[in-house]
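The values are calculated or read from the model by the stated rules, or taken from the named source; none is laboratory data. Every value quoted in this text rests on a predicted model; they were computed, and no experiment measured them. In this analysis, Cβ positions are derived from the backbone assuming ideal geometry, glycine residues included, and neighbour counts consider all displayed protein chains. Side chains included, ligands, DNA and RNA excluded: accessible areas come from the protein's heavy atoms. Shrake-Rupley method; radii C 1.70, N 1.55, O 1.52, S 1.80 Å.
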Amino acid sequence: MERKNGCLSVNSENIFPIIKKWLYTEADIFVRELISNGADAISKRKKLVNLEKAAAFKEAKIQITIDQKSARLIFSDNGLGMDMEEIDRYINQIAFSGATDFLNRYKQGNSKQMIGHFGLGFYSAFMAADHISISSLSYKKNAKAVYWDCTSDMKFTMEEGTRTKVGTDVILHLNETSQYMNREYLEEVIKKYFAFFSIPIEVQVVGNTQEEMAAANVVNDCSPLWTRNPENCTKKDYVEFYKKAFGIEKEPKLWIHLYNEELGVKGIIYIRTKEQMEQSIDGAMKLYCKQVYITDQAKSLIPSYLFFQNGIIDCENAPLMVSRSALQEGENVEKIQRYITEQVAYKFYGTFECERAFYESIWEDLNPFIKFSCLKDKLFSSYISKFILFKDLIGKYVTMAEHLEEISESHENTVYYISDDIQQAHYIKMFQNAGMNALYMTHVVDTPYIRKQESLHADLHFNRIDSDCYKALKDAEAEEAMAAEMEKYSAAASELFAPLFGDKQIEVKLGCLMTDTVSSIMIIDEEERRVRDTLELYETKGIDISRFKQGKDVLLLNMSNMVVDYMFSCERQEEKKLIAAHLYDLARLGQESLQAQEMAEFIERSNHLLKRIIQ
């Protein structure tokens, strides 16, 4: 074998700056690339063995040696190896044709090309070293070992080598102070990309003295849980893997095991608890390709709503770009997205149908995630919307269909809901006393969810429990019996309360509620209330909202209440005015907070009324 000297066949001296700037953004990426290259070589050798075109070999293995004596980092594999001709073709010529076109594209920062088209992974090693060697022996019969040596000025030497076993060593000549000479650091980098790789990866240290040497240590789990058939996995398996993969001690409540060999998609999605989501909105959704970590930013492949959860998705056929750190869009991506969405939805559906009690017990953890997912993904919503639960005033979990059936005779297709159980406690008590029901919808995602449901179902209406609840709580029989009395006091009531309203547009209305414990309530149209809430948001941003005209509120006086009855029958005007002011403030407190002066007057008036009772 003749010694060969030369320069890499690229019509530019800037190949390495281009690789560093546009292909790879992380210095550690060369570790992933070199191990991946070794794994590809092993995979090809196995296929040749199966085809009886190569001799069988012992267990596949990748070994990384930290040579502290000579400051070298050696990546070794027992794959199919290379001869001089192959090194000349795949290494010296940068493993692609049309190099000039490639360089022109990447000088402009265009990286949207498929991985495997050029085979530049090996050259990422120059991000860590200025001097790299290759020692290889091909599997071919009578092949001779070859030794290749190159520096970052693109000048190489290639000659017959001394390797005696089939495989390849890629040798990085580093500085003694390089962080990759540190075993702990290197193992962390390897685990980032290959914690669950299918081929054993050993790391060993060779030092200057016996004390500096360390035995080889396998750093990866070659058979992670997601590669196994779900039928053969237990709850204990899933819990232990979750703790191992994500470092979280608290057990997950639910998980979805993806396993589709046709699409080449496997993985496990763990649904986080409500507490975990409140601590950190973002989960850890990692994309792998053939058990090699790629990225946690695969938003073009993994449905966006899943990024709130923890999980690993391994796509064997993921269309990676040149850097293997990003994805290309395409038909296969759409199929994978659809499959993932369907599997998540089927899991919730199956749990709802077969384990309703368990489903209800974990609903508070699922609630915000599922509703948000329905807002973000039409396909997911079409599968799961029927199995969304709501907690009602009784404390029971019901679907929307179940609730609508329950209220069909009292207030058909109008859903009363609670957004703040403390602020709306007064109205909750009214509903309970009247034997009426409402749904708790207290999460921030419920507001857009409500609007979405109303847009999809024209006949369905949502009313907050403190809005126009009079329709639900009205006692029609009592009003009919007291019609004459209400007509008698109607004008007097308007005259009595008018001075209290100032410039506010408020109508006084007399009516009867199904509870006699409530004296007065404010009635606000639901759409008007929503407009006001929106305007308040604008006001907090410094926008003048005075030009927006607001509708008229209604102060309802409950004629079934003894305080209201006493007020109308009272002949002492001052006392009547005092009661009227108190009834107005009580109604307002169910909707809003009083201003400082108003609150002071309310407290003073309350003390005065208590004093009158004692006297």
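Here is how the numbers come out for the structure above:
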{"quantity": "First in the range 435-458 and touching a residue at least 40 places away in the same chain (Cβ under 8 Å) and open to solvent by 80 Å² or more (accessible area, probe 1.4 Å), second anywhere and outside any loop (DSSP other than H, G, I, E, B) and charged (D, E, K, R), Cβ under 7 Å, 6 or more apart", "calculated": "none"}
{"quantity": "Qualifying strands (runs of 3 or more DSSP E) (wholly inside the range 315-431; at least 3 residues being open to solvent by 40 Å² or more (accessible area, probe 1.4 Å) and at pLDDT 90 or above)", "calculated": "none"}
{"quantity": "Residue check for G264: of a type in the set (G, A, S) and surrounded by fewer than 17 Cβ atoms within 10 Å (Cβ to Cβ)", "calculated": "yes"}
{"quantity": "Condition check for G551: modelled with pLDDT under 75, touching an Asp or Glu at 6+ places or on another chain (Cβ under 9 Å) and exposed (fewer than 14 other Cβ atoms within 10 Å of the Cβ)", "calculated": "yes"}
{"quantity": "Failed item in (1) within 21 Å of Y397 (Cα to Cα); (2) of a type in the set (G, A, S); (3) open to solvent by less than 30 Å² (accessible area, probe 1.4 Å), with S519 passing the rest", "calculated": "(1)"}
{"quantity": "Pair list, Cβ under 6 Å, 6 or more apart: the range 560-574 residue part of a helix (DSSP H, G or I), other residue open to solvent by less than 70 Å² (accessible area, probe 1.4 Å) and among the charged types (D, E, K, R)", "calculated": "M567/K576"}
{"quantity": "Any chance I199 is at pLDDT 95 or above and hydrophobic (A, V, I, L, M, F, W, C)", "calculated": "no"}
{"quantity": "Of all residues making up the range 459-491, the number that are farther than 30 Å from E571 by Cβ, more than 34 Å from the chain's Cα centre (by Cα), among the small types (G, A, S) and open to solvent by less than 50 Å² (accessible area, probe 1.4 Å)", "calculated": "1"}
{"quantity": "Verdict on L513 being aliphatic (A, V, I, L, M), over 45 Å from the mean Cα position of the chain (by Cα) and open to solvent by less than 20 Å² (accessible area, probe 1.4 Å)", "calculated": "yes"}
{"quantity": "Residue list for the range 492-509, filter: open to solvent by 40 Å² or more (accessible area, probe 1.4 Å) and within 17 Å of D553 (Cα to Cα)", "calculated": "S494, E495, A498, P499, L500, G502, D503, K504, Q505, E507, K509"}
{"quantity": "Number of positions in the range 23-72 that are in a loop (DSSP other than H, G, I, E, B), hydrophobic (A, V, I, L, M, F, W, C) and on the phi < 0 side of the Ramachandran plot", "calculated": "7"}
{"quantity": "Flag for V170 being assigned to a strand (DSSP E or B) and modelled with pLDDT under 95", "calculated": "no"}
{"quantity": "Residues within the range 165-181 that are out of contact with any strand residue (DSSP E or B) (no Cβ under 7 Å at 6 or more places or on another chain) and open to solvent by 80 Å² or more (accessible area, probe 1.4 Å), tallied", "calculated": "4"}
{"quantity": "Residue within the range 77-96 that is assigned to a strand (DSSP E or B) and at pLDDT 90 or above present", "calculated": "yes"}
{"quantity": "Failed item, numbered, when R588 is tested on (1) assigned to a helix (DSSP H, G or I); (2) open to solvent by 40 Å² or more (accessible area, probe 1.4 Å); (3) of a type in the set (D, E, K, R)", "calculated": "(2)"}
{"quantity": "Residue, surrounded by the fewest Cβ atoms within 10 Å (Cβ to Cβ), within the range 145-164, restricted to residues that are touching a Phe, Trp or Tyr at 6+ places or on another chain (Cβ under 8 Å) and of a type in the set (D, E)", "calculated": "E160"}
{"quantity": "Strands (runs of 3 or more DSSP E) enclosed by the range 193-277 - at least 2 residues per element that are under 25 Å from the mean Cα position of the chain (by Cα)", "calculated": "254-260, 265-271"}
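Results for (1) more than 39 Å from the chain's Cα centre (by Cα); (2) in contact (Cβ under 8 Å) with a residue 12 or more places away in the chain; (3) closer than 14 Å to I201 by Cα, shown as yes or no for each residue.
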residue: K61; (1), (2), (3): no, yes, yes
residue: T65; (1), (2), (3): no, yes, yes
residue: K69; (1), (2), (3): yes, yes, no
residue: N78; (1), (2), (3): yes, yes, yes
residue: D88; (1), (2), (3): yes, yes, no
